[in-house]
Amino acid sequence: MPEQSRSVTYKNVSNVYAGGVTAVDHVSLEIAGGSFVALVGASGSGKSTLLKMVNRLIEPSAGEVLIGGEPVHAEAPHLLRRRIGYVFQNIGLFPHMTVGENVAIGLRLAGERDSAARVAELLDLVELPAELARRLPDALSGGQRQRVGVARALACRPRLLLMDEPFGALDPVTRDGLGKAIRALHDRMALTTILVTHDMAEALLLADRVLVMEAGRIVADGSPRALLSGKAGTAAEALIGVPREQARRLAELEK
């Protein structure tokens, strides 16, 4: 799979769990290379399942997923995942390894042994001091640990970054700062980024394109401005209504 190929295509993809529960229902979708796309929806809408079919953490029951026009099932999962950055809410740092060792684990699996310079570069990229490389994850704040998770995801120079509720466990100030940092990294590195979030305000502020899921289907698809126009349908309007109402109540308090 060529390194510059970053588009993601879903062709009539479905996923049905044991017991007959449909998580994703016949989704066809094209995500252009270089775009920042947010998948938004209530819990159980299918957004995380749709995301995880890209790196084969979940296999589709029907249909296929392609990256750069190549089916993801055309290569072994561990090789596919080396080409894809993946950041999730629980971070998953190894507590017995230093920060530097955590960041470099993908490089080691790829056969690169002399990774100190690359680790220092990655920590700088996510705005962490180089001396943190010698610390254990427990010595870091939640926001710092999530930045380490981002550095690890970018270690093997992926062109595609998947993020599954990456800010969910963070306080609002840290969450906002990290969101801005991720958007800046996306632009700087010309990534294709797919972000799963339940926070519509976050999606509207960070993404170029917002996809709203309900009952396993894409029910709204457009730019933040288009979704804010009031023509995106009831599911999107319900999600947009939350930050709008909060903003209205805050404005009332300031009078």
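The values are calculated or read from the model by the stated rules, or taken from the named source; none is laboratory data. All figures in this text were calculated on a predicted structure; none of them were measured in a lab. No Cβ is skipped: glycine too gets one built from the backbone with ideal geometry, and neighbour counts run over all protein chains shown. When the accessible area is computed, the model is the full protein with side chains, heavy atoms only, and any ligands, DNA or RNA have been set aside. Shrake-Rupley method; radii C 1.70, N 1.55, O 1.52, S 1.80 Å.
The table for this structure:
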{"item": "Mean projected area in nm² (Cα convex hull; one quarter of hull surface) for the chain", "result": "15.1 nm²"}
{"item": "Per residue accessible area in Å² of region 143-209, where ligands, DNA and RNA are left out and the probe is 1.4 Å", "result": "35 Å²"}
{"item": "Cα-only radius of gyration and Dmax that characterise region 117-171, units Å", "result": "11.4, 31"}
{"item": "Dipole of region 55-207, positive end: most advanced residue of 144, 100, 67 [Cβ charges, Cα centre]", "result": "100"}
{"item": "Carbon + sulfur, % of accessible area of region 11-65 - ligands and nucleic acids excluded, 1.4 Å", "result": "52 percent"}
{"item": "Around residue 11: net Lys/Arg minus Asp/Glu count, Cβ-Cβ under 13 Å", "result": "-3"}
{"item": "For residue 16, residues with placed amide H under 5 Å, excluding near neighbours", "result": "23, 61"}
{"item": "Local net charge near residue 107, Cβ-Cβ under 15 Å (Lys/Arg +1, Asp/Glu -1)", "result": "+4"}
{"item": "Value of relative contact order over the chain, rounded to a whole percent, pairs C-alpha under 8 Å and six or more apart", "result": "26 percent"}
